[in-house]
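To start, the structure under review is shown below, and the notes come after it.
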Ligand SMILES: [Zn+2]
């Protein structure tokens, strides 16, 4: 029998899946992907994730507001987070965090959608006041991240963290909450030293299909250095489909391909990897098990 894995980070509510959700969920099940966590990126997306969790027994939801959409977020997201988090299938808050990859002062070309961003940023031309716009954008992200952390601490939930080009600020903002809130630094792409700082805070990392990419050796090195009980697997679908699907739309079933490479990197059996990663996820996400 095939080993069981979870997709701990999928965006099932995205239009990419709308035409064939039951088939996508069924293919995951057939591939041994026993649970799928659908991650919200704003309130509408979070509500859709909750709906999917109601519809499909093996789908769970994480609710929050993605940092790259910070400019459109309400001033105070906390009441909405508290309300959504009451749902028994909401297993964490997020995705939240900091993303300095494309700041408003960047050139218009940088608006092109990248695999890490759920939708193109709507940024205005900087018109020579880039620096203050950047400062404003960063502050808005930090406020939003803070609100997720506060509600997570209040409700005893953990956070799914998106971090890009903002490791120092993300860690220092998480630090004061570290005894109450743990984060999973999703789509982890930093080095082993960064991974160690994160696990020292009691937090986790998770790895995507980048593990399977030819140019993913640095990520494989980080995974090799990560303790077996400190990481999870995810697709971040529809993005980052693993080899041999690279460049196509990803889906939760592809955790299978990711797990095969992860087991090679960790020099362990699929069964051991399954046991470790599922136990870590069951322990991290409230009500997942
Ligand atoms: Zn995501």
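The values are calculated or read from the model by the stated rules, or taken from the named source; none is laboratory data. Worth saying up front: this structure is predicted, and the values here are computed from it rather than measured. In this analysis, Cβ positions are derived from the backbone assuming ideal geometry, glycine residues included, and neighbour counts consider all displayed protein chains.
All but one of (1) crowded, with 16+ Cβ neighbours inside 10 Å; (2) away from the ligand (no atom under 16 Å from the Cβ); (3) at pLDDT below 95; (4) part of a loop (DSSP other than H, G, I, E, B) hold for residue 241, so report the exception by its number.
With (1) crowded, with 16+ Cβ neighbours inside 10 Å; (2) away from the ligand (no atom under 16 Å from the Cβ); (3) at pLDDT below 95; (4) part of a loop (DSSP other than H, G, I, E, B) applied to residue 241, the lone miss is (2).
Take the residues in the stretch 152-167 that are closer than 19 Å to residue 39 by Cβ and either away from the ligand (no atom under 16 Å from the Cβ) or modelled with pLDDT under 95 (or both), then tell me which one is surrounded by the fewest Cβ atoms within 10 Å (Cβ to Cβ).
Applying the first criterion (closer than 19 Å to residue 39 by Cβ) to the stretch 152-167 yields 152, 155, 157-164, 166.
Still in the running and either away from the ligand (no atom under 16 Å from the Cβ) or modelled with pLDDT under 95 (or both): 152, 155, 157.
Working: 152: 24, 155: 15, 157: 24.
Going through the qualifying residues, I end up with 155.
Has the stretch 257-273 got at least one residue that is within 16 Å of the ligand (Cβ to nearest atom), farther than 26 Å from residue 81 by Cα and assigned to a helix (DSSP H, G or I)?
So far as the stretch 257-273 goes, yes, one or more of its residues are within 16 Å of the ligand (Cβ to nearest atom), farther than 26 Å from residue 81 by Cα and assigned to a helix (DSSP H, G or I).
Taking the stretch 168-195 only, how many residues are part of a helix (DSSP H, G or I) and buried (at least 16 other Cβ atoms within 10 Å of the Cβ)?
Of the residues in the stretch 168-195, the ones part of a helix (DSSP H, G or I) are 168-177, 192-195.
Retained after the next criterion (residues that are buried (at least 16 other Cβ atoms within 10 Å of the Cβ)): 169-171, 173-174, 177, 194-195.
Number satisfying all stated conditions: 8.
If only one of 2, 31, 80, 26 is modelled with pLDDT of 95 or more, farther than 18 Å from residue 238 by Cα and out of contact with any strand residue (DSSP E or B) (no Cβ under 7 Å at 6 or more places or on another chain), which one is it? Steps first, please.
Working: 2 fails: modelled with pLDDT of 95 or more; 31 fails: farther than 18 Å from residue 238 by Cα; 26 fails: farther than 18 Å from residue 238 by Cα.
Result of the check over 2, 31, 80, 26: 80.
Out of all the residues in the stretch 11-23, is one or more away from the ligand (no atom under 14 Å from the Cβ), crowded, with 19+ Cβ neighbours inside 10 Å and under 16 Å from the mean Cα position of the chain (by Cα)?
No, the stretch 11-23 has no match at all.
Looking at residue 98, is it in contact with a strand residue (DSSP E or B) (Cβ under 8 Å, 6 or more places away or on another chain), at pLDDT 95 or above and within 16 Å of the ligand (Cβ to nearest atom)?
On the way: in contact with a strand residue (DSSP E or B) (Cβ under 8 Å, 6 or more places away or on another chain): yes; at pLDDT 95 or above: yes; within 16 Å of the ligand (Cβ to nearest atom): yes.
In short, yes.
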